[in-house]
Amino acid sequence: MDSGALGYDGGSSSYYKAGGSSRDDGSWAITRFLRNEVFDSQKLVGNLNVLYGAGVFAGAVYFVEKYGELLIQ
C-alpha cells in the first residue's frame, strides 16, 4: 500500500511541524499535547464546543438519573 495514501510522508509535512515545537525542546509529551492541541488559539473555539457538548450530555445524564421517575407514568 502506498504510504502517501495514508497521509504519512515520513514526518516532513507541515502538519507535524505546525505546533512550532520539536521533540528536542525538552518538554514532556503531555505538555506539548496540551499546548499544541488544547490551548492553541486556532483550536480553542472547537475545544470549547466539545466541552460544552460534554457538559450538556453530563447534565442530561444527571437529570435522568435524579428525576427519571417523573418522566415515566
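Which one of the conditions (1) aromatic (Phe, Trp, Tyr); (2) part of a helix (DSSP H, G or I); (3) modelled with pLDDT under 55 does Tyr8 fail to meet, given that it meets all the rest?
Just one mismatch for Tyr8, condition (2).
Taking region 25-42, which residues are open to solvent by less than 80 Å² (accessible area, probe 1.4 Å) and either assigned to a helix (DSSP H, G or I) or not acidic (Asp, Glu) (or both)?
Asp25, Gly26, Ser27, Ala29, Thr31, Arg32, Leu34, Asn36, Glu37, Val38
The values are calculated or read from the model by the stated rules, or taken from the named source; none is laboratory data. What you are looking at is a predicted structure, and each value in this text was computed from that prediction instead of being measured. Quick note on the areas: whole protein, heavy atoms, side chains included, nothing else; ligands and nucleic acids left out. Shrake-Rupley method; radii C 1.70, N 1.55, O 1.52, S 1.80 Å.
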